[in-house]
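Student: First the structure, which I've put down as C-alpha cells, then a few questions once you've had a look.
Since every read-out is calculated from the coordinates, none of them should be taken as a lab result. Here the structure is a predicted model, which is why all the values come from computation and not from measurement. In this analysis, Cβ positions are derived from the backbone assuming ideal geometry, glycine residues included, and neighbour counts consider all displayed protein chains.
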C-alpha cells in the first residue's frame, strides 16, 4: 500500500501513480491494468480505482474493452 496525501482525493493520487507508471514504461503499450490487483495493492475500494481509470481513459492513456479489461494505449507506449 502507498501512503495517501489526505489533502487530495485518493482516486486522483492513484491516477497520477498510474500515469507515472505508464510514462516510465513500467506499464508498456498494451499492458493490461487490473483493477482487482490495484485494489489489493493500494488497499482502496474498487470504486476508487474505477474513478482513477476513468480519468486515464479520458486522457487517452488507456482503453477498456468489456470482457477483456483496460490496456495502455497512450504516451510511454
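Student: Using only Cα atoms, find the angle between the long axis of helix 46-58 and the longest principal axis of the chain, and express it within 0 to 90 degrees, rounded to the nearest 10.
Tutor: So the inclination is approximately 50 degrees.
Student: Which FRET efficiency, nearest 0.05, do residue 57 and residue 2 yield, Cβ-Cβ r, R0 30 Å? Present the calculation step by step, with values, prior to reporting the outcome.
Tutor: Working: r = 22 Å, r/R0 = 0.72.
Rounded to the nearest 0.05, the efficiency is 0.90.
Student: So, one more: With viscosity set to 1.002 mPa s at 20 °C, what whole-number translational diffusion coefficient in µm²/s follows for the chain from Stokes-Einstein and a Kirkwood radius over Cα pairs? Don't skip to the end; give the middle numbers.
Tutor: Working: Rh = 12.4 Å.
In µm²/s, the coefficient rounds to 173.
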